[in-house]
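**Student:** Encoded as structure tokens, here's the structure I'll be asking about.
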Amino acid sequence: MKISSRAERIEPFYVMEVAKAATQLAKEVASSDRPMIFLNIGEPDFTAPPLVREAAERAIRDGSTQYTPACGLDALRERISGWYAERFGVQVPARRIVVTAGASAALQLACLALIERGDQILMPDPSYPCNRHFVSAAEGEAVLLPTTEAERFQLSADKVEAAWGDKTRGVLLASPSNPTGTSIAPDELRRIHEFVRAKDGITLIDEIYLGLSYEDAFSQTALAIDDQVISINSFSKYFNMTGWRLGWLVVPEALVPVVERLAQNLFICASTVSQYAALACFERESIAEYERRRGEFKARRDWFIPQLEAAGLPVPVVPDGAFYAWADCTALSRQLGVDGSWDFAFELMKRAHIAITPGRDFGSADTRRFVRFSTASAMGHLQEAVERLRAL
Ligand SMILES: Cc1ncc(COP(=O)(O)O)c(C=O)c1O
């Protein structure tokens, strides 16, 4: 069967090989005194809080399970709009919010609505691999620009300007980022957007980890800059609803009918039960629980990163959000007699039974040096991982 060149262009998710090997080894060592610790996982260890689960059960019991409008339940769009006002002090009208099947569907809609074949989209290296694949699925070309520690592993306005060419259509950023957990400084983001806008380009920003932001200096949505910014968000991370497949995007007024048309055709709507459940995310009780959990993620970061560094794995930029640590494994790899982050990840898995994610999928510039640890795991697991790292 002939496979489309579009599909051929999508690279495999190499980390799945590491995850598969970790799952296999985990079975073998399950009853040993050192069962596998999974620090490779990019989803919260918390599940949806009680009111959300009850709302889902109620929707099923009441038979509220038909299709919703393509842009989502009006009540949910209103609640998301209210969240922007309460948490960020930013007015985002509900009519500009489109509810989707996770940030993944939101990114697909944005890319399909805006990218022509051959259009180039500038992105930081390292960045979340699927985001560049959404660009190539829309027949655009993701251009990864190597970033430095000084830039917090994010793009700068100067870099965007230097890389902008005839085919460049815009930027796709993520703040805070996966895999680094670092955000773009607000002034820099404003400069990037002003440059992009002057070029008549598009600023797409993936804010899926914005709810899990720990520093005031980086806690603002890019929507505060301009209503032409396109922001992608999700119920997966801050709201702890990964498998419920629910997210949203905020688009400029003029783009709503275009995205709505695409959403109607491609998805009909996001999961109805999940949408009814998500209404309860914004109840006072649920938000209080989410904030408590955010505090827990921050406490894990504050404890784990100094411990990692003491164990020989420096983290050049302390993450200001999300639940990742992007650690330099050069010195420890040398000590263990392995070359590069891919082999280091396997070595750590075999010798200490700790599963982590090597840099490979996130880009090519400097990713042999780095591995990603996830702190979306209970403190007890992090403590045990540190013990084993020290022993190693
Ligand atoms: C940066 C980033 N964007 C998007 C996604 C996709 O998330 P969703 O579950 O909302 O589709 C992820 C998932 O890990 C992510 O890390």
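**Student:** Kindly provide the set of residues from the stretch 63-82 that are surrounded by fewer than 20 Cβ atoms within 10 Å (Cβ to Cβ) and part of a helix (DSSP H, G or I), ordered by number.
**Tutor:** Matches in the stretch 63-82: Asp74, Ala75, Glu78, Arg79, Ser81, Gly82.
For (1) in contact with a helix residue (DSSP H, G or I) (Cβ under 8 Å, 6 or more places away or on another chain); (2) among the charged types (D, E, K, R); (3) within 12 Å of the ligand (Cβ to nearest atom), each residue gets a yes or a no:
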{"position": "Arg132", "(1), (2), (3)": "no, yes, yes"}
{"position": "Arg152", "(1), (2), (3)": "no, yes, no"}
{"position": "Ser175", "(1), (2), (3)": "yes, no, yes"}
{"position": "Arg191", "(1), (2), (3)": "yes, yes, no"}
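**Student:** Quick check, is Arg87 part of a helix (DSSP H, G or I), in contact with a Ser or Thr (Cβ under 9 Å, 6 or more places away or on another chain) and away from the ligand (no atom under 16 Å from the Cβ)?
**Tutor:** Answer is yes for this residue.
**Student:** Filter the stretch 177-189 for residues that are buried (at least 24 other Cβ atoms within 10 Å of the Cβ) and either aliphatic (A, V, I, L, M) or on the phi < 0 side of the Ramachandran plot (or both); which is nearest to the ligand (Cβ to nearest atom)?
**Tutor:** The selected residue is Asn178.
**Student:** Filtering the stretch 193-206 down to residues that are of a type outside the set (Val, Ile, Thr) and in a strand (DSSP E or B), which residue is nearest to the ligand (Cβ to nearest atom)?
**Tutor:** So the residue we want is Asp206.
**Student:** Would you mind finding the one in Ile3, Ile60 that is among the aliphatic types (A, V, I, L, M), away from the ligand (no atom under 16 Å from the Cβ) and either under 24 Å from His133 (Cα atoms) or within 27 Å of the chain's Cα centre (by Cα) (or both)? Give the steps one after another, and end with the answer.
**Tutor:** On the way: Ile60 fails: either under 24 Å from His133 (Cα atoms) or within 27 Å of the chain's Cα centre (by Cα) (or both).
Of the residues listed, the single one that is among the aliphatic types (A, V, I, L, M), away from the ligand (no atom under 16 Å from the Cβ) and either under 24 Å from His133 (Cα atoms) or within 27 Å of the chain's Cα centre (by Cα) (or both) is Ile3.
**Student:** Is it true that Ile37 is modelled with pLDDT of 90 or more and assigned by TED's automatic domain parsing to the domain that holds Trp326? Step through it out loud before you land on a result.
**Tutor:** Values: modelled with pLDDT of 90 or more: yes; assigned by TED's automatic domain parsing to the domain that holds Trp326: yes.
When the stated conditions are applied, Ile37 passes them.
**Student:** Being surrounded by fewer than 21 Cβ atoms within 10 Å (Cβ to Cβ), in a helix (DSSP H, G or I) and away from the ligand (no atom under 16 Å from the Cβ) is the filter here, so list the residues in the stretch 97-130 that pass it.
**Tutor:** Within the stretch 97-130, Ala113 is the sole residue that qualifies.
**Student:** Might you let me know whether the stretch 309-322 holds any residue that is over 21 Å from the mean Cα position of the chain (by Cα) and assigned to a helix (DSSP H, G or I)?
**Tutor:** Yes, the conditions are met somewhere in the stretch 309-322.
**Student:** If you don't mind, there's one more thing I want to ask. Does the stretch 197-211 contain at least one residue that is more than 23 Å from Gly118 (Cα to Cα), touching an Asp or Glu at 6+ places or on another chain (Cβ under 9 Å), buried (at least 18 other Cβ atoms within 10 Å of the Cβ) and touching a residue at least 60 places away in the same chain (Cβ under 8 Å)?
**Tutor:** no
**Student:** Look through Ala263, Ala254, Ala222, Ala217 and report the one residue that is in contact (Cβ under 8 Å) with a residue 40 or more places away in the chain, surrounded by fewer than 18 Cβ atoms within 10 Å (Cβ to Cβ) and either away from the ligand (no atom under 16 Å from the Cβ) or not polar (S, T, N, Q) (or both).
**Tutor:** Unique residue meeting the criteria: Ala217.
**Student:** Okay, moving on. Keeping to the stretch 198-213, report how many residues are more than 30 Å from Arg301 (Cα to Cα) and not hydrophobic (A, V, I, L, M, F, W, C). I'd like the intermediate steps shown before the answer.
**Tutor:** Taking the stretch 198-213 as the starting set, the residues that turn out to be more than 30 Å from Arg301 (Cα to Cα) are 198-202.
If we keep only those that are not hydrophobic (A, V, I, L, M, F, W, C) as well, we get 199-201.
The qualifying residues number 3.
**Student:** Confirm whether Ser274 is touching a residue at least 40 places away in the same chain (Cβ under 8 Å), farther than 30 Å from Thr330 by Cβ and either away from the ligand (no atom under 16 Å from the Cβ) or not in a helix (DSSP H, G or I) (or both).
**Tutor:** For Ser274, the condition - touching a residue at least 40 places away in the same chain (Cβ under 8 Å), farther than 30 Å from Thr330 by Cβ and either away from the ligand (no atom under 16 Å from the Cβ) or not in a helix (DSSP H, G or I) (or both) - is not met.
The values are calculated or read from the model by the stated rules, or taken from the named source; none is laboratory data. These numbers come from a predicted model, not from an experiment. Because the Cβ atoms are built from the backbone with ideal geometry, glycine has one as well, and the counts that use them run over all protein chains shown.
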